[in-house]
Structure formats: structure tokens, C-alpha cells
Amino acid sequence: GAAASVAVSANPTSIVANGTSQSTIVATVRDANNNPVSGATVNFSTSRGTVNPTSRTTNASGQASVTLTSGTSAGTATVTATSGGKTGQVNVMFAAGAAASVTVSANPTSIVANGTSQSTIVATVRDANNNPVSGATVNFSTSRGAVNPTSATTNASGQASVMLTSGTSAGTATVTAT
């Protein structure tokens, strides 16, 4: 019979946003009686990355599969499969890769050396494609004063923050985040 539904699955559902990671997308086309529809053309599209090929014909099980390749930008790819006017979708997460860079900022950049003045230190962790890396542990150390806590975990924006408390001798504090 004619296509009445298109169900779409992805394996895996999360891949690294590095331009090469892949997920297998399978569309299953069924008729009004829930029987698989063989020989149906399924067209695929994605909101991120690329699908190859963009069109497939279903097999005897009513299934057509394509490969989704990630882009280099982290986020959610929505893959759409259409057959006989019916549409199905699946989401695949493009996740940031391993930490490739750490940048550190201080606000304010100058504090009084009185043992109590504080500056917020923020480390931003990014992957090789400049995507923020969440869930990374950043260890902080300073050449003057004290940082608290000495380690923090990055948030969804790839940022971890700690407080630098001044010492009692004037000078430049070099804060290191690794």
C-alpha cells in the first residue's frame, strides 16, 4: 500500500561536531495497516551537517538508510525523511570535541593587595572547531593570593569560574587554568 507513516531513527544519537563523525539514519515506511512499504522513495534532509545519499529506495523491510556526517558547529541536527507525502524526523546531537584551547579572563583586572579584595577568574574551554566544551574540569593556580575553588567544571558555555583573593603584597598575580 501507500506510505502512511515514516519513522526515523539514528545510531548513534550523539556525535562529535568535527566534520567527520557519522551516524546511521534509518527511515521505516509503513502503510495504513502497519505493513512495510518496499520500493518507496525516501528523501532525506538535515538542518546541520550532511546526509548522503539524499534519496534512497526502501528495501523489503520498508527501510532506507543514509549516513549523516557532522558539521563543525555544535548543536542539534534534525534529520527529516519524507516518503509519499509523509514525514518523520530524528534529532542527532553534534557535541563539542576534546578541549583544544583555554582562555582566561579576570574581572576586575586590578584589585587591592589587602588580603580580602577579589576578582572573578573565568576560563573558557573550546574544541578545535571553537565550540564550547561543557563538563570539562579546569584546575586553577595563582602566583599570588589564592584561588577558590582550585578546580571547577565548565558549563554549557564552556566556562568555569573561581574567585581570586588578593595577597597582602603588591604585584602581578598570574592565574593559570589547565
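The values are calculated or read from the model by the stated rules, or taken from the named source; none is laboratory data. Since this is a predicted model, take the numbers as computed values, not measurements. In this analysis, Cβ positions are derived from the backbone assuming ideal geometry, glycine residues included, and neighbour counts consider all displayed protein chains. Areas reflect the complete protein model, heavy atoms only, side chains present, ligands, DNA and RNA absent. Shrake-Rupley method; radii C 1.70, N 1.55, O 1.52, S 1.80 Å.
Values as computed for the structure displayed
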| read-out | value |
| --- | --- |
| Whether segment 1-49 is rounded, prolate or oblate, judged on the alpha carbon gyration tensor where a/c under 1.5 counts as rounded | prolate |
| Mean accessible surface per residue for the chain, computed with a 1.4 Å probe while every protein chain stays in place, in Å² | 51 |
| Extreme residue, positive dipole direction of segment 26-178, given options ALA100, VAL66, SER143 (C-beta unit charges) | VAL66 |
| Relative contact order computed over segment 1-131 (Cα-Cα under 8 Å; 6+ residues apart), in percent | 26 |
| Most to least packed among 6-14, 90-98, 105-113 [average Cβ atoms within 10 Å] | 90-98, 6-14, 105-113 |
| Amide N of segment 111-141 lying under 18 Å from the label point, which is placed 7 angstrom from the Cα of ALA170 along Cα→Cβ | 111-118 |
| Full-stretch length increase - ALA146, VAL104 - with 0.36 nm per residue and alpha-carbon distance subtracted | 13.5 nm |
| Option label - Rg/Rh (Cα atoms, Kirkwood Rh) computed here, alternatives (1) 0.99; (2) 1.03; (3) 1.30 | (3) |
| Virtual spin-label span in nm between ASN33 and ASN139, 7 Å along Cα→Cβ | 6.7 |
| GLN22-THR153 pseudo-label distance in nm [points 7 Å out on the Cα-to-Cβ vector] | 3.3 |
| Interchain or long-range residues, amide H under 5 Å from VAL16's placed H | ALA95 |
| Accessible surface of the chain, 1.4 Å probe, proportion on carbon and sulfur as whole % | 45 |
| Student exercise, the chain dipole from Lys, Arg, Asp, Glu Cβ charges, in Debye to nearest 20 | 100 |
| Cα→Cβ-extended label distance, 7 Å offset, between SER73 and ALA2, nm | 3.8 |
